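Some notes on the structure that comes next.
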Amino acid sequence: MSDSGTKNLQVTLKSRPQGWVRESDFALVESPLPAIADGEVLLKTLYLSLDPYMRGRMDDVKSYAASVNLGDVMVGGAVSEVTDSRHPKFKAGDVVVSPAGWQRYSKANGDHLMRVPAGLPPSVFLGPAGMPGVTAWMGLFDIGQPKEGETVVVSAASGAVGSVVGQLAKEKGCRAVGIAGGPEKCAYVVDTLGFDACIDYKRDGWMQELKNATPDGVDVGFENVGGEVLDNVLRRTNPKARIALCGLIAGYNATEPMPLHNVRALLVNRIRLQGFIVSDDLSRWPEIIRELAGRIASGKLKYRETIANGLESAPKAFIGLLKGENFGKQLVKVS
C-alpha cells in the first residue's frame, strides 16, 4: 500500500488548561507524512486510546513522564496498521500496538512494537488486554494482594481499569463492590461484570449504601477517583487493609488540591496505601497480556467500549472521558 501524496492529520496541544480542559486547548493540523529510516515502520492509526493520564501530560509540572510541549502532538497509545516497512519483522498490512499519539500517521522503531495477535478484535489491546488491563492486574495483585473471602472496593468500576479489577477479584473468590456514576453503569457492573454490589456516588446517601454493601469492612481498595470517594472508602477499611492508588481523576481538573480528611484511618488501621505506575516494569506486560487475552477469548472477562469516530472528535471525547460520560474503554476510530 502506498501513501504517496497523503497528508498527515494531527491533534496538537495548543494551550495548557486552566482548570477544565477545553476543545480550544487543542489544534487540528496537517503535516507531511513522516519519512522512515532503516529499522522503522510507517503506521496508519486505526484506533486511538484515550486515557485519564493524558490530562496530567497537558500540565507543565514535574511528574513521572514529560509534559507535552505546546505545539507537539498529544501522546497516546494506538492500534495501527503498517503501511510501509524498513524493518525485517514487519510488512505492510501488519497490525501493531504503537505509541502513535493523536495523529493519523506515525513512524516507530519496529523493535519496540507489539504485533496484535489474531483471534480478538484489535481494539481490546488498548483496553482489557492492553495498558488498562495490565494496570488492573498489577495494582490488584501486587499491591492489593486479595485473599479469598476478602472485600475489594473499586472506584470508577465501569471504566477500562475498574471493570477488569472487579472481575479479577471475583475470580480470586473475593466480594467485589464497585463505585460508579449513575444507575445504568451500576446495573452493568453488577448484572454484566458480576460484581456483588455497586454504589452510585451521584445518589444522596451513597455513603450509607457503601456501608451497607461492605458489612465486613474493606480489605482492599483500588482507587481511580480520589477526593470524596477515597475519603469514604477509608472510613470502611479494616486493619491491615491495602489500597492501590491508581488514579485521582476527581482532581485532575481542579485548580486547588483536593483535601483528604480521613488520613487518621491510615494510621489507626495500619493501612498500606501505595501509588504505582504501570509502565515501571514493562518486562511483565507480555505474560499479563496473554493471561488477559485468554480470559477475553474464553468469555470469562467482559468488557465494553465507547467509540468516537474521526480524529477530529478526540478532544471532545477526551473531555467526556474526564467527566465520566464514557462507558468502559474510550476509543477513537481514526481510520
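The values are calculated or read from the model by the stated rules, or taken from the named source; none is laboratory data. Computed from a predicted structure; not experimentally measured. Reconstructed Cβ throughout: ideal geometry from the backbone, glycine too, with neighbour counts over all protein chains shown.
Points worth noting:
- Considering region 11-65, and only residues there that are polar (S, T, N, Q) and more than 22 Å from the chain's Cα centre (by Cα), the residue that is modelled with the lowest pLDDT turns out to be Q18.
- I289 falls short on exactly one of the conditions (1) out of contact with any Ser or Thr (no Cβ under 8 Å at 6 or more places or on another chain); (2) in contact (Cβ under 8 Å) with a residue 24 or more places away in the chain; (3) surrounded by fewer than 18 Cβ atoms within 10 Å (Cβ to Cβ), and that condition is (3).
- The single condition among (1) under 18 Å from the mean Cα position of the chain (by Cα); (2) within 23 Å of Q145 (Cβ to Cβ) that N253 does not meet is (2).
- For region 296-335, the set of residues classified as free of Cβ contacts under 8 Å to residues at least 24 places away in the same chain and either touching a Leu at 6+ places or on another chain (Cβ under 7 Å) or not assigned by TED's automatic domain parsing to the domain that holds A78 (or both) consists of S298, G299, listed by residue number.
- Taken as a whole, the condition of being touching a residue at least 40 places away in the same chain (Cβ under 8 Å), surrounded by 17 or more Cβ atoms within 10 Å (Cβ to Cβ) and within 20 Å of N253 (Cα to Cα) applies to F26.
- Subset of region 249-284 (residues that are surrounded by 18 or more Cβ atoms within 10 Å (Cβ to Cβ) and closer than 30 Å to P122 by Cβ): I249, Y252, V278
- Residues of region 40-69 that are of a type outside the set (A, V, I, L, M), under 24 Å from S335 (Cα atoms) and assigned to a loop (DSSP other than H, G, I, E, B): D51, P52.
- Flag: S15 matches the condition of being among the small types (G, A, S), over 30 Å from D281 (Cβ atoms) and without any contact (Cβ under 8 Å) to a residue 60 or more places away in the chain.
- For first residues located in region 48-72 and surrounded by 11 or more Cβ atoms within 10 Å (Cβ to Cβ), partners that are aromatic (F, W, Y) and lie 6+ apart or on another chain with Cβ distances below 7 Å form the pairs L48/W102; L50/F318; P52/Y252; M54/F318; R55/Y252; G56/Y252.
- In region 116-172, of all residues being closer than 24 Å to V79 by Cα, of a type in the set (A, V, I, L, M, F, W, C) and over 18 Å from the mean Cα position of the chain (by Cα), the one that is surrounded by the fewest Cβ atoms within 10 Å (Cβ to Cβ) corresponds to A118.
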